[in-house]
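Derivation of every value follows stated rules applied to the coordinates shown; laboratory data play no part. For clarity, every value in this text was computed on a predicted model and none was experimentally measured. Ideal geometry is used to build each Cβ from the backbone, glycine not excepted, and the neighbour counts take in all protein chains shown.
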Amino acid sequence: MKSTRVVLLLLSIIGIGVCQFVILGQVQTSPTTVEIHGQVRFAEGGAPAANVVVRLESYEGGGSISEAFTDRLGKFRFTGLPPAQYSVRVRQTGYRDTQQTIDMTITTSGLVMLQLLPEASRSTSTSTVGTIDANVPPAAQKEFDKGTAALAEGGKDKIAFAARCFEKAVSIYPKFVEARLKLGTAYMDLEQWDKAQQALLATVEADPKAFNALFALSEIYLRQNKIAEAEKVLVQGLAIQDQSYLGHLNLARVYWEKAHAIKDLAQARPALEKSYEEVKRALTLNPDLAGAHLLKGNLLLRVSRTADALVEFNEYLRLEPNGPFAAETRTLMDKIKKATAAGRPTG
C-alpha cells in the first residue's frame with residue numbers, strides 16, 4: 001500500500017530551513033557589521049548536508065557565539081557580526097570535526113565551504129577524491145574555484161554556472177577527478193539526471209576507488225528504479241568505504257524495493273532480512289538518521305511487528321517533526337492504532 005512506502009523517495013536527511021539563534025547573548029552591534037555565509041557538503045557524493053548544526057566561535061577565546069542549521073541546500077548564514085576573526089565549526093555524528101578560520105576584519109562578507117568526511121576515512125579511505133592534485137593546471141583550478149564558490153551561493157542559475165565552470169576545468173585537465181565529481185553532483189542539483197550519470201561514471205572511470213561517486217550514482221539509479229545497477233555500485237562503494245551510513249541506508253532501500261515487488265512474505269523474507277541488516281548498520285553509524293528509522297518501521301510493519309514499527313515511526317517524528325514524510329507517517333500511525341484497536345491485521 002502507498003502509505004507503507006513513505007521512505008522510498010528519501011534521498012538524504014532533508015533540512016528544515018535556515019534557523020539561527022544566539023546562545024551566549026546578542027552579538028554587540030557596531031557601526032560596521034559583517035556576515036559569514038557558506039555551505040556544508042558531504043565529501044562522499046558531494047550532496048548538500050541539510051539540517052546540520054554550524055557553530056560560530058570566537059577565534060581568540062574559542063567561545064561559542066551563535067549557531068545555525070543548514071537548509072536543504074546545505075547553506076548557512078550569520079549576519080550582524082562585528083569585524084573580527086572567527087572560527088566556523090561543524091560537528092556531526094559519524095563524521096570528523098571540521099572547522100575553518102575566517103578573518104572578517106578586512107571584508108564585510110565572507111564565504112566558508114566545509115566538507116563532512118567520515119571518521120573512519122583517516123584509515124579506510126583510499127580514494128583520491130578530495131586530495132590535492134599537484135598536476136592541476138592553474139587555469140583548471142581557477143574554473144574549479146569559481147564553480148565551488150557559485151555552488152555555495154545556491155539557486156539554479158548559480159548551480160548552472162558552477163556546472164559550466166566544472167566542465168571547463170575538466171576540458172582543461174581531463175584527470176581532474178574532484179571537478180568531475182562536483183560536475184556530477186551539480187547536475188544532480190539541477191535534476192539533469194542523464195548528464196549527472198555520465199559525469200559520475202566518468203569520475204569512477206578516472207578513479208575506480210571514488211566511493212563518493214559510486215554512492216551518488218546509487219541515488220540516480222534508485223530514482224530511475226534501476227535496482228540492479230544501484231545495488232552494484234553500492235556494494236562496490238561500501239567495499240571501499242564501509243563507514244558510510246548513507247551508503248548502507250541506500251543499500252537497505254535497494255533490498256526493500258526488491259522485497260516490495262514480492263507479494264508472498266516467505267519469498268520476500270530474504271530481501272527483507274538484508275534490508276533490515278543494512279538499516280541497522282546505518283543506525284549504528286548514525287543513530288539520529290531519521291530516514292533509517294522510517295525505513296526500519298516499514299520493514300517491521302511488513303513482518304507484522306506492529307508495536308516495534310510504531311517505536312521507529314515515533315523516533316522518525318521526533319527527529320523530523322516537520323519532515324517531508326511526517327504527515328504521511330502520522331496518518332499511517334493513526335491507521336495502525338485504529339486497526340489494532342479493532343483487532344484487524346496491519347501488515
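Apply the Karplus curve 6.51 cos²θ - 1.76 cosθ + 1.60, θ = phi - 60°, to the phi angles in the range 218-233 and return the couplings in whole Hz, x for Gly and Pro.
Using θ = phi - 60°, the values come out as 4, 4, 5, 5, 5, 4, 8, 6, 8, 5, 4, 5, 4, 4, 4, 6 Hz.
Residues with amide H under 5 Å of SER244's amide H, sequence separation 5 or more or different chain, H placed in the peptide plane at 1.01 Å from N; which?
It is none; the list stays empty.
Could I have the simple spin-label model distance between ARG330 and ALA149, label points 7 Å from Cα toward Cβ, reported in nm to one decimal?
Taking the two extended label points, one gets 4.4 nm.
Take the residue pairs LYS175/LYS195; LYS263/LYS335; LYS280/LYS337; LYS158/LYS209; LYS182/LYS226 and return only those whose Cα atoms are more than 28 Å apart.
Going by Cα-Cα distance, LYS158/LYS209 fall outside the 28 Å limit.
Please work out the FRET efficiency for the pair GLN100 and SER171, using the Cβ-Cβ distance as r and a Förster radius of 25 Å; give the result to the nearest 0.05.
In this case the efficiency is close to 0.25.
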